[in-house]
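Single-structure report; data block below.
Where a number appears in this text, it was derived from the coordinates with a stated rule and is not lab data. These numbers come from a predicted model, not from an experiment. Cβ coordinates were reconstructed from backbone atoms using ideal geometry, including for glycine residues, and neighbour counts include every protein chain displayed.
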Amino acid sequence: MSAKQNILDKIVQQKLAEVAVQKEQTPIFQLMECENFKRKCYSAKESISKQGASGVIAEFKRQSPSKGVINGTAKPADVVKDYEEAGASMVSVLTDEKFFGAKASDFASARETLNIPLLRKEFIVDSYQIYQSKAMGADVILLIAAILTPQRCKDFAFIAKDLGMEVLLELHDDAELKHVNKFVDLVGINNRNLKDFSVDTERSIRLAKRLPEDMIRVAESGLDSPEVVKDMRENGFQAFLMGEHFMKMDSPGDTCKSFIKEIVAAI
Ligand SMILES: O=C(O)c1ccccc1NCC(=O)[C@H](O)[C@H](O)COP(=O)(O)O
């Protein structure tokens, strides 16, 4: 197996080790005492479904396993505020340090700054991380089918909903359709094959057609032109998770703004 073939396995191993330490340091009962536990979450479903919404989920992403360093200087509070002002329907902030270079303060400064839904982009392998996400002020969590059984996916989604958050379930292929459950609010289809990092939007379009009709479909990864987003929208996607295309620019916010202007004009 090449380094690329087992990237998710590597990330999962790292997460299990991290979570074991975090549980010792801050048990769940302490997480539940955090201020954010009392806050009412913004709804991604509402934000994305609003009349004329861009559907863009703009991501703060410093680096990635597929691209290395994307932006080593951007300031999270500035970028996410610009994303909000540009018309993003939601902001996503990666919180993994080892593989994505996130700093502990990235998510906190986004939470302080934003008045739109905020997705915690993390590799969730333990229910502890769901309570942690709530304590951090997440509105939405990501569950990745490829690293969870359908039953764990359902249990985790139930906990998130019980805590007032929404759930974005990420799928990669048809075999993962069995992970969709009644607690899932949005289904993301990753255009990126995590084995070889190739991007294939046609595969995502085919998979999206097999989802329950009323499910909000989110196209994820490798979206780099308004034309591709317009095509995905015509094929039933309502939301578009984009990181690199914005973050690789000197001004991610300005790039996001002109991108959104173009796709909204075409709705
Ligand atoms: O981005 C990667 O290289 C990656 C590798 C392994 C697991 C996950 C990965 N990305 C996480 C994401 O979901 C993306 O950050 C997100 O969809 C935005 O993608 P992009 O617009 O291509 O930056």
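Pairs meeting the criteria (first residue in the stretch 194-214 and without any contact (Cβ under 8 Å) to a residue 12 or more places away in the chain, second residue among the basic types (K, R), beta carbons under 8 Å, at least 6 apart or on different chains) are S198/R192.
State yes or no: is G87 touching a strand residue (DSSP E or B) at 6+ places or on another chain (Cβ under 6 Å), surrounded by fewer than 24 Cβ atoms within 10 Å (Cβ to Cβ) and farther than 22 Å from K161 by Cα? So G87 fails the test.
When each of G222, G253, G188 is tested for being free of Cβ contacts under 8 Å to residues at least 60 places away in the same chain, closer than 24 Å to P76 by Cα and not in a loop (DSSP other than H, G, I, E, B), the lone residue that passes is G188. Residues in the stretch 147-178 that are assigned to a helix (DSSP H, G or I) and within 16 Å of the ligand (Cβ to nearest atom): I147, E176. Taking the stretch 13-68 as the range and being part of a loop (DSSP other than H, G, I, E, B), more than 16 Å from the ligand (Cβ to nearest atom) and of a type in the set (D, E, K, R) as the test, the residues that pass are E33, R39, K40, K50.
In the stretch 120-136 there is at least one residue that is within 13 Å of the ligand (Cβ to nearest atom) and either more than 25 Å from C34 (Cβ to Cβ) or part of a strand (DSSP E or B) (or both).
The set of residues from the stretch 84-95 being within 13 Å of the ligand (Cβ to nearest atom) and outside any loop (DSSP other than H, G, I, E, B) comprises M90, V91, S92, V93, L94. Scanning the stretch 135-181 for residues that are more than 21 Å from L16 (Cα to Cα) and free of Cβ contacts under 8 Å to residues at least 12 places away in the same chain yields a count of 2. Pairing each residue of the stretch 65-80 that is closer than 20 Å to G222 by Cα and free of Cβ contacts under 8 Å to residues at least 60 places away in the same chain with any residue that is more than 14 Å from the ligand (Cβ to nearest atom) and hydrophobic (A, V, I, L, M, F, W, C), provided the two are 6+ apart or on different chains, yields C-beta distances under 6 Å for V80/A110; V80/L114.
Condition (residue is surrounded by fewer than 21 Cβ atoms within 10 Å (Cβ to Cβ) and free of Cβ contacts under 8 Å to residues at least 12 places away in the same chain) applied to the stretch 110-120: is it met by at least one residue? Scanning the stretch 110-120 turns up no residue that is surrounded by fewer than 21 Cβ atoms within 10 Å (Cβ to Cβ) and free of Cβ contacts under 8 Å to residues at least 12 places away in the same chain. Looking only at residues of the stretch 193-247 that are polar (S, T, N, Q) and within 11 Å of the ligand (Cβ to nearest atom), we find that the one that is surrounded by the fewest Cβ atoms within 10 Å (Cβ to Cβ) is N193.
Screening E244 with (1) within 21 Å of V93 (Cα to Cα); (2) out of contact with any helix residue (DSSP H, G or I) (no Cβ under 9 Å at 6 or more places or on another chain); (3) acidic (D, E); (4) without any contact (Cβ under 8 Å) to a residue 40 or more places away in the chain gives one miss only, at (4). There is at least one residue in the stretch 200-207 that is at negative phi, over 14 Å from the mean Cα position of the chain (by Cα) and in a loop (DSSP other than H, G, I, E, B).
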